[in-house]
Amino acid sequence: MIGALVGRRKTTGERVTLKAFSGQLFGEWRVEGWAPPVGELTHDTAYYKSEHGKIKALSERIAKAEMEERMTRAEVREATAARDDEAKALAAEAKRAKEARRRARADGASDAIVETLDEESRASKRAMSTLKKARDAAVAPKLEILARLRARIDDMKSERKALSRALQDKIWEGYKLPSLGGQVRPLRDVFHPPVAALPCGCADCAAPKLLAWAHTLGITPTSIAEIWIGASRPRDFRVRGVAYGACRDKCVPIMGHMLCPEPPDARSVDATTPCRHR
């Protein structure tokens, strides 16, 4: 969205026009002549770059560990596949021997023959047990590696989540929104109705930028408009060159405060109560 605000300087009455873009313009948050971002902590600040660098490094380490985990799992599957083929062959042989014993008993075979067949069965079971132990012994070191890898990956993901949450909280703390009446309050305090998690991009649209900049410059707004620039978006019916009102999920919840014309001491309620013009 591209927006424009028309207003007058409080000191001289001079008519002024301000302009703003939503989000970034060609990857830049700050462009000369355009409204600056409302938040203090943007992608181009040193603190953000430092913290984001930590998160990115963790993501790379996680990706590397997950690749190692996948390769180790493939090795385990390969190691067990050959043993499993041997186990299947032994199982098939045991089944044939069992059938042979059944027929021998049914045909009245001698005790010596039955004993020989029984010994073959016991030998088959011992071979199967030996094979399973060999298989387990072969993959045990790999399974230990997998357990350590998974624990390390989970720890890194928890650390990354904590860093991301802390950075996002720090970003939101940098958003201070003024009202027309001159009251400046944190973004979280003015979002109405309150939510557990603020929507991404909140207060980065053109209108909030224009109102915040007008406040900084001592300009009283008289009119404001936003137009969609770029390819049309069928999913939300936005068409290039058409003017739209504030978006419902990000801007409407904060506009009640930003457009409130009353200073805190002029209200019939305390300063923490949402503007009655909502």
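None of the figures in this text is laboratory data; all of them are computed from the coordinates on show. All figures in this text were calculated on a predicted structure; none of them were measured in a lab. Heads up, the Cβs are rebuilt from the backbone with ideal geometry, glycines too, and the neighbour counts pull from every protein chain shown.
Some observations on this one:
- Peptide ranges 6-13, 207-214 listed from the most packed, as the mean C-beta count within 10 angstrom indicates: 207-214, 6-13
- Site pair GLU144 and VAL31 shows an inter-label distance of 6.0 nm when each label is modelled 7 Å from Cα along Cα→Cβ.
- Mean Cβ neighbour count within 10 Å, used as a protection proxy, ranking 230-236, 21-27 highest first: 21-27, 230-236
- Distances between placed amide hydrogens fall under 5 Å for GLN24 paired with no residue 5 or more residues away or on another chain.
- Simple label model, 7 Å out from Cα along Cβ direction - LYS98 to SER121, nm: 0.9 nm
- Longest to shortest principal axis, alpha-carbon extents of the chain, angstrom: 120, 42, 38
- With Cα atoms defining each centre, the range 1-48 and the range 203-251 are spaced 12 Å apart in the structure.
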